[in-house]
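Student: Have a look at this one.
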Amino acid sequence: MAKRKKSYRKKRPIAVTVIAAAIVVLFFIRLVQFFEPLLRQHVFQDGFRGAFLAGYHLTPLGGALLSSVSYLALSLAGIVVLIGFLRLHRWSWVLLMAWTGISLVISLVDYFYSHANFVVMASNVIIAYALNLNDVQRIYKIRSDDGGPVI
């Protein structure tokens, strides 16, 4: 019987898979948010007819286009972070933590002043919790094995 080769690769904790799934959920939500303003302005039926600016202010069509482009940029950035995160790059952990914190603040402001997106809020809370687990921080070299910070 042949012996199995020892694998010296880092094993991913289950929390990394949970975070990756939450990022995929956020990706699909951002794609829906990309199409939604354009559908409201009937861009796919009428095309981009009309002005984007009226003086120094955006028209409803310009606002919809700006909103859609920003959500598309968020979707594409999420894919880049997901790839880096699954490859266990330290920069992706740092970027994802900062992104999650900013997104949670924006979600809370939306909750208090307009309409809240509870799926985005729940996904961000799950990501924030999972990023702070000891195993996840160790595998991304945020925390050392003795519990102290890595410098």
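Student: Does GLN45 satisfy the criteria of being over 22 Å from PHE118 (Cβ atoms), among the polar types (S, T, N, Q) and either over 13 Å from the mean Cα position of the chain (by Cα) or in a helix (DSSP H, G or I) (or both)?
Tutor: Numbers: over 22 Å from PHE118 (Cβ atoms): yes; among the polar types (S, T, N, Q): yes; either over 13 Å from the mean Cα position of the chain (by Cα) or in a helix (DSSP H, G or I) (or both): yes.
It is true that GLN45 is over 22 Å from PHE118 (Cβ atoms), among the polar types (S, T, N, Q) and either over 13 Å from the mean Cα position of the chain (by Cα) or in a helix (DSSP H, G or I) (or both).
Student: Please determine whether any residue of the stretch 52-61 is without any contact (Cβ under 8 Å) to a residue 24 or more places away in the chain, among the β-branched types (Val, Ile, Thr), farther than 24 Å from GLN137 by Cα and assigned to a loop (DSSP other than H, G, I, E, B).
Tutor: To start, the set of residues in the stretch 52-61 that are without any contact (Cβ under 8 Å) to a residue 24 or more places away in the chain comprises 52-61.
Then drop every residue that is not among the β-branched types (Val, Ile, Thr), which leaves 59.
Narrowing further to those that are farther than 24 Å from GLN137 by Cα: 59.
If we keep only those that are assigned to a loop (DSSP other than H, G, I, E, B) as well, we get 59.
For the stretch 52-61, residues without any contact (Cβ under 8 Å) to a residue 24 or more places away in the chain, among the β-branched types (Val, Ile, Thr), farther than 24 Å from GLN137 by Cα and assigned to a loop (DSSP other than H, G, I, E, B): present.
Student: Looking at LYS3, is it modelled with pLDDT under 85 and under 18 Å from ILE139 (Cα atoms)?
Tutor: Numbers: modelled with pLDDT under 85: yes; under 18 Å from ILE139 (Cα atoms): no.
Answer is no for this residue.
Student: Which is assigned to a helix (DSSP H, G or I) and surrounded by 12 or more Cβ atoms within 10 Å (Cβ to Cβ), of VAL109, VAL105, VAL24?
Tutor: On the way: VAL109 fails: surrounded by 12 or more Cβ atoms within 10 Å (Cβ to Cβ); VAL105 fails: surrounded by 12 or more Cβ atoms within 10 Å (Cβ to Cβ).
The unique qualifying residue is VAL24.
Student: Name every residue in the stretch 112-121 that is of a type outside the set (S, T, N, Q) and surrounded by fewer than 18 Cβ atoms within 10 Å (Cβ to Cβ), in order of residue number. It would help to see each step written out before you state the result.
Tutor: Going through the stretch 112-121, the residues of a type outside the set (S, T, N, Q) turn out to be 112-113, 115-116, 118-121.
Once the filter is applied, which keeps residues that are of a type outside the set (S, T, N, Q) and surrounded by fewer than 18 Cβ atoms within 10 Å (Cβ to Cβ), the stretch 112-121 yields PHE112, TYR113, HIS115, ALA116, PHE118, VAL119, MET121.
Student: Next question, about the same structure. Among the residues of the stretch 27-65 satisfying the criterion of being surrounded by 11 or more Cβ atoms within 10 Å (Cβ to Cβ) and among the polar types (S, T, N, Q), which is modelled with the highest pLDDT?
Tutor: Per the stated criteria, the residue is GLN33.
Student: Here is a further query. Please work out which residue is surrounded by the fewest Cβ atoms within 10 Å (Cβ to Cβ), limiting yourself to the stretch 66-102 and to residues that are outside any helix (DSSP H, G or I) and free of Cβ contacts under 8 Å to residues at least 60 places away in the same chain. Before you say what the answer is, go through the steps one by one.
Tutor: Of the residues in the stretch 66-102, the ones outside any helix (DSSP H, G or I) are 87-89.
Remaining after also requiring free of Cβ contacts under 8 Å to residues at least 60 places away in the same chain: 87, 89.
Details: ARG87: 8, HIS89: 15.
For the stretch 66-102, the residue satisfying everything is ARG87.
The values are calculated or read from the model by the stated rules, or taken from the named source; none is laboratory data. Because the structure is predicted, anything quoted here is derived from the model rather than measured. We place every Cβ from the backbone using ideal geometry, glycine too, and count neighbours over all the protein chains shown.
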